[in-house]
Amino acid sequence: MDAQLSQSIAEGMRVLFLFAVPALVAVTLAALLGSALQATLAIHEPVVNYAVRVVAFVFALYALFPEWSRTLTDLTTASFSG
């Protein structure tokens, strides 16, 4: 039982990183690009940077949703199958 619990926890952590890392990278790169664009164009409005981050996050969710849903379905099936 401990081996199965350990394997389930490891798989859960893998899924967590599969979800978090791509979205975090997309938002970070968008923030850097937005900040560079703001500095270049001398636009000092914080809303622009937030909008760029939100758009990047939504795009990352849209692009990665099929893989995420498939992975969550597999993890849920494996967890409850016994």
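The values are calculated or read from the model by the stated rules, or taken from the named source; none is laboratory data. All values derive from a computational prediction rather than experimental measurement. Heads up, the Cβs are rebuilt from the backbone with ideal geometry, glycines too, and the neighbour counts pull from every protein chain shown.
Couple of notes before you dig in:
- Residue pairs meeting the criteria (Cβ under 8 Å; at least 6 apart or on separate chains; first under 14 Å from T76 (Cα atoms), in region 1-14; second in a helix (DSSP H, G or I)): S8/A78; S8/S79; E11/L75; E11/A78; G12/L75
- Every pair of residues 6+ apart whose Cβ atoms lie under 8 Å, when the first sits in region 28-45 and is touching a residue at least 12 places away in the same chain (Cβ under 8 Å) while the second is among the polar types (S, T, N, Q) and part of a helix (DSSP H, G or I): A31/N49; G34/N49; S35/N49
- Which listed residue is outside any helix (DSSP H, G or I) and exposed (fewer than 14 other Cβ atoms within 10 Å of the Cβ), from I9, I43: I43
- One residue stands out in region 12-40 among those that are among the hydroxyl-bearing types (S, T, Y) and surrounded by 10 or more Cβ atoms within 10 Å (Cβ to Cβ): the one that is modelled with the highest pLDDT, namely T28.
- Here A56 passes the criteria (1) surrounded by 11 or more Cβ atoms within 10 Å (Cβ to Cβ); (2) in a helix (DSSP H, G or I); (3) out of contact with any helix residue (DSSP H, G or I) (no Cβ under 6 Å at 6 or more places or on another chain) except the one numbered (3).
- Just one of the numbered conditions (1) part of a helix (DSSP H, G or I); (2) within 20 Å of V27 (Cα to Cα) is not true of L72: (2).
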